[in-house]
Amino acid sequence: MIFGILAKPNLKDFRKVKAALIKFLTKRKSSILVDESLEKFPNSKISYASKINVIKKSDVLIVLGGDGTLLHIAEAAAKNKKPVIGINLGNLGFLTEAPISKLKNLLEEFYDDNLVVDTRELLQAKIVKNGKQILKTSFLNDVVINKGALAKIINLDLFIDKALVSNIRADGIIFSSPTGSTAYSMSAGGPIVTPNLPLVIVTPICPHTLSNRPLVVSNQSIIRVKINSLNSPVFTTFDGDDSMEMGEGFELEISKSTLKLKLLRSRKTEYFNVLKDKLMWSNNYGRK
């Protein structure tokens, strides 16, 4: 069994965490492969490789950081069909499974075959200009079209299954998967939906017309947005990381991806309990 270790760059106390992982995993006679961009120290029991080779060669990935760290490797992990154990060292942590204090418990549950698979479907995005595809990628949370440094409203034409739905004037627009419903879309007023629903959430950012509200669409539909901003460029960002500048004549197409990410979770983890904890919902309001 090969465990791949990926982490947020410059992670505080990473040396201590890695030492604890080595001690636990070597007792189980497992191999350890660590992202070579992380802090190194001599140890014969671990090997180093590039991030993509860690993902390709490992049987299980342990990701240390916040949701952003996990999102950064989600597409590659899904392509290579590698399960992920996410350890939250960030703030909210909807995707990562548990805090660092629970890492040993999670690994023990893994070896006892007590973890369950939480499958998350990705969405696919294509960027087209003048009928020519110039980018194709998949994302787990969301793809966002946003204005640049100049505070000018973006003009967007939204199509669903070839039908023009709306001419939107806004600061931008978010296309979110169910997994991403608790991310930027939620902050912009979009709904929270359970991760297993087959849909896409379309959320305008600060629309000029208040009647432009969040829209929920089947993930079997083809969603297309055409950029009509003449005066300034706009930017499309995938899962809060990779970004591309777009201008007039560019189109973004959203559809269902064939990729699925497998998150390994404790049987005790329940989605609505995570929501109550992270969003500080209380069941005791009004009780004496």
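The values are calculated or read from the model by the stated rules, or taken from the named source; none is laboratory data. These numbers come from a predicted model, not from an experiment. Using ideal geometry, Cβ is built from the backbone for each residue, glycine included, and neighbour counts are taken over all protein chains shown.
Miscellaneous remarks
- Helices (runs of 4 or more DSSP H) completely within segment 1-90 that count 1 or more residues being in contact with an Asp or Glu (Cβ under 9 Å, 6 or more places away or on another chain) and more than 22 Å from residue 241 (Cα to Cα): 14-27
- Answer residue from segment 181-214, given it is of a type in the set (Gly, Ala, Ser) and surrounded by fewer than 20 Cβ atoms within 10 Å (Cβ to Cβ) and is modelled with the lowest pLDDT among those: 211
- Segment 106-117 - residue that is over 24 Å from the mean Cα position of the chain (by Cα) and touching a residue at least 60 places away in the same chain (Cβ under 8 Å) and, of those, farthest from residue 28 (Cα to Cα): 114
- In segment 207-223, the residues that are among the hydrophobic types (A, V, I, L, M, F, W, C) and within 12 Å of residue 170 (Cα to Cα): 210
So that you can scan it fast, the table gives a plain yes or no per residue for (1) on the phi > 0 side of the Ramachandran plot; (2) in contact with a helix residue (DSSP H, G or I) (Cβ under 7 Å, 6 or more places away or on another chain); (3) among the acidic types (Asp, Glu):
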| site | (1), (2), (3) |
| --- | --- |
| 202 | no, no, no |
| 209 | no, no, no |
| 221 | no, no, no |
| 228 | no, no, no |
| 244 | no, no, no |
| 250 | no, no, no |
| 253 | no, no, yes |
| 260 | no, yes, no |
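- Residue count for segment 41-67 under the criterion of being at pLDDT below 95, surrounded by fewer than 16 Cβ atoms within 10 Å (Cβ to Cβ) and either among the small types (Gly, Ala, Ser) or touching a Phe, Trp or Tyr at 6+ places or on another chain (Cβ under 6 Å) (or both): the result is 2.
- Filtering segment 91-128 to residues that are closer than 23 Å to residue 142 by Cβ and outside any strand (DSSP E or B) leaves 91, 92, 93, 94, 95, 96, 97.
- Positions within segment 167-203 being of a type in the set (Phe, Trp, Tyr) and part of a helix (DSSP H, G or I), in sequence order: 184
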